[in-house]
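**Q** Structure provided below as structure tokens; questions to follow.
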């Protein structure tokens with residue numbers, strides 16, 4: 001076996017049982033969050049602008065930094081869209097619903113987001129990014145029929161996924177029932193609903209349920225929502241992109257919570 005073949009075999013060995021996350025912001029946020037085990041970081045030889053920052057961010061982890069050429073990075077990432085940096089990391093660790101509920105108990109206002117069959121990684125990543133920006137305490141997804149937390153999702157979220165508590169559950173309806181027992185009100189976004197989201201005073205403990213663009217919220221889940229809400233739009237096209245719709249509703253929740261907090265101070 002020649003040196004090139006040995007290097008290729010070594011790459012495969014280091015990546016086994018791990019994920020490759022690429023892009024400047026995703027890798028930086030992995031280091032800042034410190035939630036994942038980091039096996040190594042690949043850095044393009046001419047990305048000298050990043051060397052010192054990555055070294056500083058990774059100093060507490062004792063991470064091996066491998067300076068690589070573009071062909072090596074393309075091979076490691078299976079894409080050329082890596083911006084000259086990639087991290088080989090342990091898979092994302094999902095949270096348990098009990099931990100999420102416990103974290104919300106000591107907060108005056110809590111907003112959770114539940115996603116029903118959101119399978120597009122770009123939409124999922126964008127939703128995660130909006131959720132972090134607008135103060136969502138956690139995201140709940142179904143174990144099946146939902147998008148995995150992949151490198152594409154991490155990149156689409158600009159690394160926000162590394163700071164987000166995501167719960168993966170077998171049955172969303174049962175999870176809704178559990179959340180109701182803990183005092184949460186369930187608000188389902190549905191285009192046929194009669195109430196506009198802007199007219200709703202969200203409870204102090206709220207769960208926003210978003211369905212897929214094609215199917216919307218599944219029937220059983222919809223029937224278990226306390227309130228159905230819609231975003232008023234023109235009828236020129238059928239519906240908003242789910243990530244855009246989610247961002248609009250979460251921004252409204254965020255502003256109402258902020259307004260309530262200001263009045264109480």
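**Q** Working only within region 196-221, note down all residues that are more than 29 Å from residue 259 (Cβ to Cβ) and in contact with a strand residue (DSSP E or B) (Cβ under 7 Å, 6 or more places away or on another chain).
**A** 212, 218, 221
**Q** Would you check which residues across region 192-212 are under 19 Å from residue 244 (Cβ atoms) and in contact (Cβ under 8 Å) with a residue 60 or more places away in the chain and list them?
**A** 208, 209, 210, 211, 212
**Q** Can you name every residue in region 187-223 that is farther than 22 Å from residue 119 by Cα and buried (at least 19 other Cβ atoms within 10 Å of the Cβ)?
**A** 197, 202, 205, 206 - these are the residues of region 187-223 that are farther than 22 Å from residue 119 by Cα and buried (at least 19 other Cβ atoms within 10 Å of the Cβ).
**Q** Considering each of 155, 222 in turn, give the residue that is assigned to a helix (DSSP H, G or I) and out of contact with any helix residue (DSSP H, G or I) (no Cβ under 9 Å at 6 or more places or on another chain).
**A** 222
**Q** Just for strands (runs of 3 or more DSSP E) wholly inside region 23-106: which have at least 1 residues that are within 30 Å of residue 180 (Cβ to Cβ) and over 23 Å from the mean Cα position of the chain (by Cα)?
**A** none
**Q** Also, quick follow-up: Among the residues of region 171-187, count how many are outside any helix (DSSP H, G or I), in contact (Cβ under 8 Å) with a residue 24 or more places away in the chain and touching a strand residue (DSSP E or B) at 6+ places or on another chain (Cβ under 6 Å).
**A** 4
**Q** Is it the case that residue 141 is closer than 23 Å to residue 249 by Cα, in contact with a strand residue (DSSP E or B) (Cβ under 6 Å, 6 or more places away or on another chain) and not in a helix (DSSP H, G or I)?
**A** In short, yes.
**Q** Would you be able to say whether some residue in region 118-130 is touching a helix residue (DSSP H, G or I) at 6+ places or on another chain (Cβ under 9 Å), under 29 Å from residue 258 (Cβ atoms) and in a loop (DSSP other than H, G, I, E, B)?
**A** Yes: region 118-130 contains one or more residues that are touching a helix residue (DSSP H, G or I) at 6+ places or on another chain (Cβ under 9 Å), under 29 Å from residue 258 (Cβ atoms) and in a loop (DSSP other than H, G, I, E, B).
Just so you know, all these numbers are worked out from the coordinates, no wet-lab data involved. This is a predicted model, so every value here is computed, not measured. Using ideal geometry, Cβ is built from the backbone for each residue, glycine included, and neighbour counts are taken over all protein chains shown.
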